[in-house]
Amino acid sequence: MYTLATIRDTIRVLPSKFSTDLNQAILNMVRNDMEGLVDADLGVVVAVTDAKRRGEGKIVPGDAAAYFDSEITLLVYKPQVNEVVEGYVSEATEFGAFLKTGPIEGLIHVSQIADDFITYDAKLPGFVGRDSKRTLKIGDQVTARVVSVSLKNTIPDSKIGLTMRQPGLGKKEWAKLKKVVRGEKKGKAPPKGGDSA
């Protein structure tokens, strides 16, 4: 889920920036330092949208810089368990597909791709359902549900678990495909009910 968060921090501004717009200088510095960071409470910092100094700067003996208490507005992305997300398959491996959703990737384990026996096909590269013949390959747009979130200090260390084994999830084309009934023979219609004489 994307949200705006406001935090307060003290920002060190170098003397070379004193003659410029201090709010703009603080904004530029904070963007360089914070965008792309991961915080367990806030989530992934996607963008710093605003930064304003609050009051006069403070000087520390022996340091030519000034320290400004600042209010910073961040656009953050923090996936929530049970949240439905959309994205595209960025990588396919034998153990599952990686889904790029926003600034982070999540893993759809092979057991969570579909309600079917799924096999990995290195030629696609991607996955094929045994009964449904549904395919999932790199570049496919899909809808998935978040089942686990573990945010660490960096994006590569953070883990998101996803599933597509629930109604309405997966590729949009999958919803249009006729559901395969196990044991049904090709060419024969299923019984309509009632007695046959």
For the chain, the dipole about the Cα centre with charges only on Cβ (Lys and Arg +1, Asp and Glu -1), to the nearest 20 debye, works out at 1180 debye
Mean Cβ-within-10 Å packing, highest first, puts peptides 149-158, 70-79, 113-122 in the order 70-79, 113-122, 149-158
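Considering only Cα-Cα distances, which of the following residue pairs are longer than 19 Å: LYS78/LYS172; LYS78/LYS159; LYS100/LYS137?
Working: LYS78/LYS172 25 Å; LYS78/LYS159 12 Å; LYS100/LYS137 13 Å.
As for pairs spanning more than 19 Å Cα to Cα, those are LYS78/LYS172.
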For the chain, longest principal axis from Cα atoms; helix 22-34 axis from its Cα atoms; angle between them, nearest 10 degrees, is 40 degrees
Computed over the stretch 84-176, the relative contact order (Cα-Cα under 8 Å, seq sep at least six) in percent reads 28 percent
Between ASP39 and residues 5 or more places away or on another chain, the pairs with built amide H atoms under 5 Å apart involve VAL44, VAL45
Of every Cα-Cα pair in the chain, the percentage lying beyond 29 Å is 47 percent
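We did not get these values from a lab; they are worked out from the coordinates using the rules stated. None of the values given here were measured: they were computed from a predicted structure. As a convention, Cβ positions derive from the backbone with ideal geometry for all residues, glycine included, and neighbour counts pool all protein chains shown.
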